[in-house]
Each structure stands twice: as structure tokens, then as C-alpha cells.
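Here is the structure we will look at, set down as C-alpha cells.
Here, each number is a calculation from the coordinates, and none is a lab measurement. Everything quoted here is computed from the prediction, not taken from an experiment. Virtual Cβ from ideal backbone geometry, glycine too; neighbours counted across all protein chains shown.
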Protein chains: 2
Amino acid sequence: MAAKGNGGQGKRPQRIEAAAQAGRKPGGEPSLSLERIVATAVELLDAEGVEGLKMRRLADRLGAGVMSLYWHVGNKEEVFDLALDTVFAYRGPPPTGEPGDWRRDVVHMLEDWRAIMLRHPWSASLLPRRALGANILGRLETMSEALSRAGVADADMNVAIWSLWNYVLGATVTRASFALSDADQAAGQQRLSVLGERYPTIERTRLLLDSDWDGTFRKGLDVLLDGLSRG
Amino acid sequence: MAAKGNGGQGKRPQRIEAAAQAGRKPGGEPSLSLERIVATAVELLDAEGVEGLKMRRLADRLGAGVMSLYWHVGNKEEVFDLALDTVFAYRGPPPTGEPGDWRRDVVHMLEDWRAIMLRHPWSASLLPRRALGANILGRLETMSEALSRAGVADADMNVAIWSLWNYVLGATVTRASFALSDADQAAGQQRLSVLGERYPTIERTRLLLDSDWDGTFRKGLDVLLDGLSRG
DNA sequence: CAATTGACTCGTACGGTGTACGATTGAATG
DNA sequence: CATTCAATCGTACACCGTACGAGTCAATTG
């Protein structure tokens, strides 16, 4: 009730069907379209971050008036939803290798997912507060199928799926957040000076300093997969 | 560079020290104070969510003028940072039981953390984009110590810490996001109708429907702890 | 052909936001 | 009393998302 959280598409009269026949500039550009808007939104998010996405700026990049966007989009929230789900499209594992290798498939999908979130850091911070789009659901389905093939019983499926899901989401969110907060060196240095006194174990293990994020991610994932497939 | 990401406190001239001697209302209220501001911000966040926190509304609740806040706070971002870290304070495990039970300590802390995030759902969605405050670092330290006691070598510590951390963060973020998006029933129903065709495995395991979140969380955590303590 | 429709674009305007700036208050200090 | 300084607050401004309605053109219809 607090959040508007519009899961399905709204019931605006606009843009029921049809595309591209009227209203192009004298130059001859393809005019506006939902695809172009979303693609540009992703560009802008990549370049400027979540708070850098303003409707006016988006319209500028598209060479259009601000209000023209609202024929296609409804509101700004919807732009976020669409950008998020667009970015999470999954092409599936490469066909090389044996077809039955469920573990390879799962790892590939999760690492692909993580790579996307690291390439588009805004997506990690946006995911928590948006409903799941088709592409995200598709990834869940893909993972469920693979685990089913791996012999995980339906009764244990929820634990398995959510454990993996949570792990990847958490890993990426953490990683993205650290990459950002380390950007300002001054604060980092200041943090270090306090570290030795108040957080001795953290400092000893150099937890925040030279974590091998990729390796750590893989190892933790292995632990999880071992435990889950063992039943 | 995209985000301002002010890790440490700023260098505003205001509020270096001192508190409470001047400027109270004729009534005799304790006037303004950083503690009161942050506490009220948490109240407001609990009641209205992230986008419900406006400086004017916060000032109203405090019976103060809007700009009075800015003597204490710097900007709105800082209010978020402070509210977040305040909420994550940890009192430590209950002293009952044997002192050496590392696993109980770790589980207690993680479940406490998760409970907090579920009680304050905004905190889960805010955590991804903010730097770690003192209380969050404290939790990392507590966990490191417990794992060290458990016999985890320093070399393996990063994997252990981050795996657990990621798991809890992901689990809570996911949980909070689902609680919100299921609030609008209409969209949920619509999603179900599509589910059977496009996502058969999801539907068969009733993944999104009757997940036992608490039980699932515990089981996944056990898998992880088993694997990690085994080395 | 002219008239109508409807997809699409966009300028203007409005209410709401965070906050810069300077005026104001009142206790503490000389 | 005069000065200082912590603290409060009203006004004003730039910027935001977007409601509203007018404008443009291709396709359709008579």
C-alpha cells in the first residue's frame, strides 16, 4: 500500500498496438518508440546512475519533447521497470559441451546475471524495489529446470532456488556498493585508520581491502551447489 | 563519481560539539537534536516508505521549521545514512548458553539482522546504495570473530564472511521485495495466469506462492554453514 | 476531392521538492 | 551593556514529474 508497485502494465489508452507511421522529423529519424526510449534510458542510467535519469534529459537525448515520452510510457516508474527487465534478458548457455551438464548451466546463468549487474550497477540497487519482469522470471524458470534435472526434489526446490538467488543478489549488491563507496578515497583512508582499533579481525583478514571478488563468488557458489545437490 | 557517496561525515561547520542549551520553544520541549531527527526519520520511513520521507514532512513531525533540520544534518542523503546505520545497531547474542558456541552466535546475529530488515523494509532497499556505517562494520567484525573461533583460517575468511553476508542480504532483499509486490493482488493474479504456460517449473513447485520464507532461510543458512565450517 | 479520424508530438503551466541565503532569537561571555 | 555564537526559521529559487490541451500529419471515409 505504501508503494504503488504496478506489477502488470497499466490500463492507459495509449500505445495499445501499432507503431511508426506518423510524426517523424523533417530529417527522417525513426521518431520515438518504446524500444528506443528504453534503450536510451539504459544508456543514461549507465552513464549517470539512478538519480541521473530525468525525463527532460532522456527526452533531450532522444531529440524529442519531454511530454512526447508520456504517450509511450505512462510515468517514470515504468521507465525504470522496463530498463531493468530489458537488461536482464538471457540468451541461454552456449551449446558447446554436453547437454546434460546442469551445474555448468546454472553457474553460467548466475555468472552472466552477476556480470550484468556489475556492468549496470543501477540494476542491483533497483531490483529490490521492483516487481519481477518476464526476463527475471525466465531466469528463475531456467534455474528451476536445471536443478530439477540435477535431481533436486520439488519439495527441496524452494530452498535451492532461493539460496542461489539470494546468494547472487547479495554478492552483486555488496560488490557494487563497495565499488562505489571506495570511489571516494578520502573516506576510505579515514575508515582504515579507525579499522585497526575497532575492527581488528576485519583488518587482520584484510576483508575490505583486497577481496578477490570473482574468486570468492565462485568458491561460495561451489559450497552452495555442493550442499544443495547432495540433498 | 556518478554518486556523491559521502562515506565519512562532511566538513560542515555546524554541529561540531555541544547540544541543548538554547532555542527551545516556550512550551519546553527538548528542541531539536540529531538523535530526535534520526529517530523521527525512522518512524516516518516505517510508516511511509522511502519515497514518503520528505524534509517538510519530517520537520512537521518534529514541530520545527524545515530549514532548522539543516543545521543538524547537511542534506537529505545524510538522513538516509543515519537512519540506516541507527537501525542496524546490534546488542550481541544473549549470554545464555555456552560461551563458545560460535554457530549459535552467527545464526543469532544473522537472524537478528534479517528480522530488522523485515521490520524496516526500506532498509533492505536502501542498503545497496549506501556506504557501510559503524554498526554494519561492527556486525562484520562480530561475524569474523565467531568464524575465527570456529576454526576458519584467515585465508578462507573472505569466502566465508562474504558468502554468509551475501546470503542474508539477498534473502532479505528478495523477501521484502516480494512482500511489497504481492500487495497488489490484481497483478499477482494476472501473473499467475501466465505462469502455467511460460513458467511450468515455477508453477509446479509453487515457487512464488507459498514459499516458507523463514524455514527456507534457515535451511539455506545451514547448508552454507556446514560447507564453510567443513573447510 | 474534402472531411474526419486517430496516432503521435510538444509547449505551457502547476504543484511539490531539496536547499541557499540571510534575518532572527536568546543564552553565555566579556 | 556589547559581543559572540549556537540554533531556528521564512522566503525564494531552481528543478522535478507530469496534467492539459493544442498542434501535426497519414490513413480512412464520404
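Shown for B:229, A:125, B:123: other C-beta atoms within 10 Å of each C-beta, ranked fewest to most, produce the order B:229, A:125, B:123.
Counting pairwise Cα distances across segment A:102-230, what percent come out greater than 23 angstrom? Beyond 23 Å sits 43 percent of the P(r) for segment A:102-230.
Sorted from nearest, the other copies put their residue B:97 label points 3.9 nm away, the label point being 7 Å from Cα in the direction of Cβ. Across the copies of the chain, residue A:151 has label points (7 Å from Cα along Cα→Cβ) spaced 2.8 nm apart, shortest distance listed first. Residue by residue along B:39-51, Cβ atoms of other protein chains within 10 Å of the local Cβ number 1 on average.
If I take R0 = 60 Å and measure r between the Cβ atoms of residue A:96 and residue B:33 in this structure, what FRET efficiency does the formula 1/(1 + (r/R0)^6) give, to the nearest 0.05? Once the sixth-power term is evaluated, E becomes 0.40. Peptide A:111-117 has a mean of 0 when you count, residue by residue, the C-beta atoms of other protein chains within 10 Å of its C-beta. Summary value for segment B:102-230: 30 percent relative contact order, contacts being C-alpha pairs under 8 angstrom separated by 6+ residues. Summary for residue A:50: label point 7 Å along Cα→Cβ; distances to the equivalent points in the other copies, ascending, 0.3 nm. Closest approach of any chain B Cβ to the axis that rotates B onto A belongs to B:170, 2, distance given in whole Å. Rounded to the nearest 0.05, the FRET efficiency derived from the C-beta distance between residue B:104 and residue A:154 at R0 = 51 Å is 0.95.
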